[in-house]
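Here is the structure we will look at, set down as structure tokens.
The values are calculated or read from the model by the stated rules, or taken from the named source; none is laboratory data. None of the values given here were measured: they were computed from a predicted structure. Note: ideal-geometry Cβ built from the backbone for every residue, glycine included; neighbour counts use all protein chains shown.
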2 protein chains.
Amino acid sequence: MLRTNLTFLSFIERFCAENDEVNITLKNFKAGYRFIEQGEKISNIYVIKDGISKCFISEENGKDFIIEFLGKGEVVGELEAIKKMDCLCNVAAISEVTAYVIPDSLFHLLISKSSEFTTILLQELSTRIIQTSTRASFQQLYTLEYALLKLLKLQADEHISISKEDMAAYLGISVRSFNRSLKQVTDKGGFDTPEFKNILQLSNMKKLLERLKT
Amino acid sequence: MLRTNLTFLSFIERFCAENDEVNITLKNFKAGYRFIEQGEKISNIYVIKDGISKCFISEENGKDFIIEFLGKGEVVGELEAIKKMDCLCNVAAISEVTAYVIPDSLFHLLISKSSEFTTILLQELSTRIIQTSTRASFQQLYTLEYALLKLLKLQADEHISISKEDMAAYLGISVRSFNRSLKQVTDKGGFDTPEFKNILQLSNMKKLLERLKT
DNA sequence: TTTAAAAAAGGACATTTGTCTCGGTTGATA
DNA sequence: TATCAACCGAGACAAATGTCCTTTTTTAAA
């Protein structure tokens, strides 16, 4: 659920180091800041150097669906550059985020000049298709409880914690349903370790943080 | 829902025409034949020349989820070649299918030697991500009735018809729910045109066909 | 520390979806 | 044509989920 791509990140950092004059900058975003807005035009690609973002689609009925959480080395805006289209999703910082900003002209140049870059990009896009498809299938065909369990375990494994609102949006359900399933899962036991208590407690604090920063 | 990529197809056909010696063959699959099996290893890429296939994931709980219906020019097996992994999905012919079979060595060669090919491939992968994400969001956040309407309209637009089982698997629901929603939709009217009656009637025949061919 | 305001959690009910089952329909065969 | 079998559709009930509203908890201020 938290996607990363260290290969991509090191490529960019090496490229910056080796090309002083190059037109890549670093930007900082505060937690909560939405740095890409669905439907708008962009002319840059962002590569996350640090922090966690969420990439989500806002549907016309007012609901949000989180496509993915993005961590180190993940790219945003490359679909828009390749397809020359308006932004498909919103992207917002969940924690403090630092990102490389790459003009799309340079992005296209890299594709045409560096086969190493192209290979990395093909890998990245492939991984996304695989993950998106696998998840769509999983969430449609398994019970919520099962999906929730998986989500909690992932957070434990990756030592992160995500607000309840975001977890619900990721699962495509209401917060009410989320709470209900959470209770079921915890009642059945298995999650009364200090680690999980921490994750759940942190989930609440995340909300607070988001509010403070906006 | 029925994806096609005419650019890809013409590239391959032109490439074959211009390179007599090239190691690309044509294969035919009868309706119903599953030419790629989830979990197996493959060493070819398939490009559909004619006919319609379905690409689906079989989950461990016995349920299937249809990722996409693939028409002319769509590629299969390229993720597996790029990521060097076992097959993510099953792919089965729905109608009679003709496909170009391309060894993955040639596929990799094309990526490294032809920037035109690479561009087409990047476009294809991007389109897939966009479609998969958009659909996942839509199906999670809208009512079934809404999704069903969209699905029926698409079939009318593209002059195709798909079996009820497959439509249900595409929507990630049981056939029972599918029938229920279908009744709701038709009761509310708007679908009593001859065209839609045809589509629904054909849906039943599709099932019959599938059975005959296996 | 107490109190008021805001937010999160949970109860109650309605709606949706799945499972199991039965009855009617269709098609094949004698 | 009569009969059987397979299949499809839908009823009945159970389980899951959403919406709305009340209760509880948390936060902020006096």
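Values computed for the structure shown
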quantity	calculated
Restricting region A:82-123 to residues that are part of a loop (DSSP other than H, G, I, E, B) and loosely packed, with under 15 Cβ neighbours inside 10 Å, the residue that is nearest to the other protein chains (Cβ to nearest Cβ)	A:Met85
Residue match in region A:21-32 (condition: assigned to a loop (DSSP other than H, G, I, E, B), touching a Phe, Trp or Tyr at 6+ places or on another chain (Cβ under 9 Å), more than 14 Å from chain B (Cβ to nearest Cβ) and surrounded by fewer than 19 Cβ atoms within 10 Å (Cβ to Cβ))	yes
Every residue from region B:66-81 that is outside any strand (DSSP E or B) and more than 11 Å from chain A (Cβ to nearest Cβ)	B:Gly71, B:Lys72, B:Gly73, B:Glu74, B:Gly77
Residues satisfying the stated conditions in region A:69-81, i.e. surrounded by 21 or more Cβ atoms within 10 Å (Cβ to Cβ) and either among the charged types (D, E, K, R) or without any contact (Cβ under 8 Å) to a residue 24 or more places away in the chain (or both)	A:Glu74, A:Glu78, A:Leu79, A:Glu80
Residue in region B:186-206 that is at pLDDT 70 or above, out of contact with any His (no Cβ under 9 Å at 6 or more places or on another chain) and within 9 Å of DNA strand D (Cβ to nearest atom) present	no
Qualifying residue in region B:35-43 (condition: part of a strand (DSSP E or B) and either modelled with pLDDT of 95 or more or in contact with a Cys (Cβ under 9 Å, 6 or more places away or on another chain) (or both))	yes
Verdict on B:Gly62 being away from chain A (no Cβ under 12 Å), in a loop (DSSP other than H, G, I, E, B) and either on the phi > 0 side of the Ramachandran plot or touching a residue at least 24 places away in the same chain (Cβ under 8 Å) (or both)	no
Meets criteria (within 27 Å of A:Ala156 (Cα to Cα), out of contact with any helix residue (DSSP H, G or I) (no Cβ under 8 Å at 6 or more places or on another chain) and surrounded by fewer than 16 Cβ atoms within 10 Å (Cβ to Cβ)) for A:Ser53	no
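Residue by residue, here is whether (1) surrounded by fewer than 20 Cβ atoms within 10 Å (Cβ to Cβ); (2) more than 11 Å from every other protein chain (Cβ to nearest Cβ); (3) within 16 Å of DNA strand C (Cβ to nearest atom); (4) more than 15 Å from the chain's Cα centre (by Cα) holds:
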site: B:Thr127; (1), (2), (3), (4): yes, no, no, no
site: B:Ser137; (1), (2), (3), (4): no, no, yes, yes
site: B:Thr143; (1), (2), (3), (4): yes, no, yes, yes
site: B:Leu151; (1), (2), (3), (4): yes, yes, yes, no
site: B:Arg176; (1), (2), (3), (4): yes, yes, yes, yes
